[in-house]
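Okay, so here's the structure we're looking at.
The numbers here are math on the coordinates, done by the rules we state, and not lab data. Here the structure is a predicted model, which is why all the values come from computation and not from measurement. As a convention, Cβ positions derive from the backbone with ideal geometry for all residues, glycine included, and neighbour counts pool all protein chains shown.
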Amino acid sequence: PSDAALQEFRRWISSHGADAGGAASPAAVPEGLGLVAARGLSRGEVVAEVPKKLWIDADAVAASDIGRALGGGDLRPWVAVALLLLREAARGADSPWAPYLAILPRQSDSTIFWSEEELLEIQGTQLLSTTMGVKEYVQSEFDNVEAEIISENKDLFPGSITFDDFLWAFGILRSRVFTGLRGDKLALIPLADLVNHSDDITSKESSWEIKGKGLFGRDVVFSLRTPVDVKSGGQIYVQYDLDKSNAELALDYGFTESNSSRDSYTLTLEISESDPFYDDKLDIAELNGLGETAYFDLVLGESLPPQMLTYLRLLCLGGTDAFLLEALFRNAVWGHLELPVSFDNEEAICQVIRNACKSALGAYHTTVEEDEELLERENLQPRFQIAIEVRAGEKKVLQQIDDIFKQREEELDGLEYYQERRLKDIGLVGDNGEIIFWES
Ligand code: SAM
């Protein structure tokens, strides 16, 4: 945005008393706009205090002419807020939010805005399929809203709203709404939403809260604190979300972090409908809080998620182990599956996973080594850097999973299986593995 627009925004903010006595000021920074400390700030000091009347949220929708047209309809909260945002943006200087709308970015580096050519760089990644999935979802919401609301209320939306406009609004919400303000609490909070993210902020404590009550929320404010001390002129940062993977950061905000705990891969496992024991397996999975399909998030450098091996053993159960699926075992079977069942079963789970890793790894167009070499170059375009970091991270996790199961394959002979445990339990095998006969 222009300096004039930024000046105007600052005036608007302070005229509403949202700037906490001028502790921080919106300014141009490497991440776009950001919040800069106007004086030395100590950890926990309030840097923005935004009154509810400045928020763009469900209540603002209800109070607007869009709200009247919707008449309490059943739009999803984010769609309603997106429509208000687009309507206000179209009103230009007439909108009460005009100074805020003027400083909103036109685009970010979120993968939802990438060109086809840019998307080629993430060929084979889970990020590509989630990005396509999200865009399809936004497209279908747009088609509904266009048919049912936009075209029925031409007076409210005089200029036409395109899919690109709608995608922009979605991207704004996705990248600016604080984690935790979900569903009908979803809100754009001017000023507070200028705060950028840094992975150096590691406290799990939230840096914001909603304060005050008051009839009709008159005294409600959104209060943002700095999580660390900041020198005068320094930028205030928060941690957006410690739990988001690089793929999620890339999709939601358009940046990635080189921290390996952000590298992750979601394995999808499924009981096949053609499995002869489909019904029993599904029943057992459901009794234990899982289903026909189960998703496991694997993170670089971390051990396998709980229940993954158990579920896998269930998927692969067959042959002479199938007796464990009998109704008689229904309450105990999950416990049995937590440990190796048989050589064949354990070998099968290794093969299933290793084949899945091989086929996933085959879909990427570069190797980890090639990616790492590229990352050493200077002045990489932001989107290119995001692409390389995500595709390298996914491959590293896949290789790590493959390594875990490769090692397991080598140890199959030394594992203890169900039958041996059973014999020990009933006292027929000593601790050293010798069979105990009728000792005196
Ligand atoms: N910088 C934003 C602006 O100009 O309006 C304000 C913060 S907004 C809540 C989130 C967006 O800021 C992200 O989508 C991304 O574009 C940018 N951003 C925040 N933290 C960043 C970081 N650490 N690195 C790169 N971009 C960042």
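State the extension gain, in nm to one decimal, for the chain segment bounded by Q7 and S129, taking 0.36 nm per residue of separation less the distance between their alpha-carbons.
Taking 0.36 nm per residue and subtracting the Cα distance, the gain is 39.8 nm.
Determine the shape class of the chain: with a ≥ b ≥ c the square roots of the Cα gyration tensor eigenvalues, call it rounded for a/c under 1.5, and otherwise prolate if a/b is greater than b/c, oblate otherwise.
Prolate.
Find how much the distance from S203 to E273 grows on full extension, using 0.36 nm per residue of separation minus their present alpha carbon separation; answer in nm with one decimal.
20.7 nm
List the lysines whose Cα lies under 30 Å from the Cα of K244, skipping any in the same chain that are fewer than 8 positions away.
Correct list for K244: K52, K135, K185, K204, K211, K231, K358, K395, K396, K406.
Computed over the Cα atoms of region 1-156, what is the convex hull's projected area averaged over all directions, in nm²?
For region 1-156, the mean projected area of the Cα convex hull comes to 12.3 nm².
Please report the net charge: other residues with Cβ closer than 15 Å to the Cβ of P306, K and R +1, D and E -1.
-2
Using per-residue counts of other Cβ atoms within 10 Å, averaged over each peptide, order 129-142, 406-419, 185-198 from highest down.
Packing order, densest peptide first, comes out as 185-198, 129-142, 406-419.
Report, in whole Å, the centroid distance computed from the Cα atoms of region 386-427 and region 56-94.
51
To the nearest 0.05, how large is the calculated FRET efficiency for Q399 and K185 if R₀ is 41 Å and r is the Cβ-Cβ distance?
0.50
Ranked highest first by average number of other Cβ atoms within 10 Å, how do 41-47, 90-96 line up?
Those peptides, ordered most packed to least, come out 41-47, 90-96.
Run the numbers for A147 and L428: contour at 0.36 nm per residue of separation, minus the present Cα-Cα distance, in nm.
93.8 nm
Read phi for every residue in region 125-142 and hand back ³J(HN,Hα) as whole Hz from Karplus 6.51 cos²θ - 1.76 cosθ + 1.60, θ = phi - 60°, with x for Gly and Pro.
With coefficients 6.51, -1.76 and 1.60, one gets 8, 5, 4, 5, 5, 5, 4, 5, x, 5, 5, 5, 4, 5, 4, 6, 5, 5 Hz.
Starting from region 216-278, pick out the GluC sites (Glu not before Pro) whose DSSP state is loop and whose Cβ has at most 13 other Cβ atoms within 10 Å.
Counting only loop positions with at most 13 other Cβ atoms within 10 Å, the GluC sites (Glu not before Pro) in region 216-278 are E273.
Putting +1 on Lys and Arg Cβ atoms and -1 on Asp and Glu Cβ atoms, find which of S64, P305, Q239 reaches farthest to the positive end of the dipole of the chain.
Comparing the listed Cα positions along the dipole, S64 ranks first.
Would you please put 146-157, 387-398 in order of how densely packed they are, using the mean number of other Cβ atoms within 10 angstrom per residue and starting with the highest?
387-398, 146-157
Where in region 281-389 are there trypsin sites (Lys or Arg not before Pro) that are in a DSSP coil and have at most 11 other Cβ atoms within 10 angstrom of their Cβ?
Sites meeting the loop and neighbour criteria: R377.
If you place +1 on the Cβ of every Lys and Arg, -1 on the Cβ of every Asp and Glu, and leave all else neutral, what size is the dipole of the chain about its Cα centre, to the nearest 20 Debye?
2480
If we count every other residue with Cβ under 12 angstrom of S64's Cβ, Lys/Arg +1 and Asp/Glu -1, where does the sum land?
Once positives and negatives cancel, what remains is -1.
For the chain, what's the relative contact order in percent, using C-alpha pairs closer than 8 Å and at least 6 residues apart?
18
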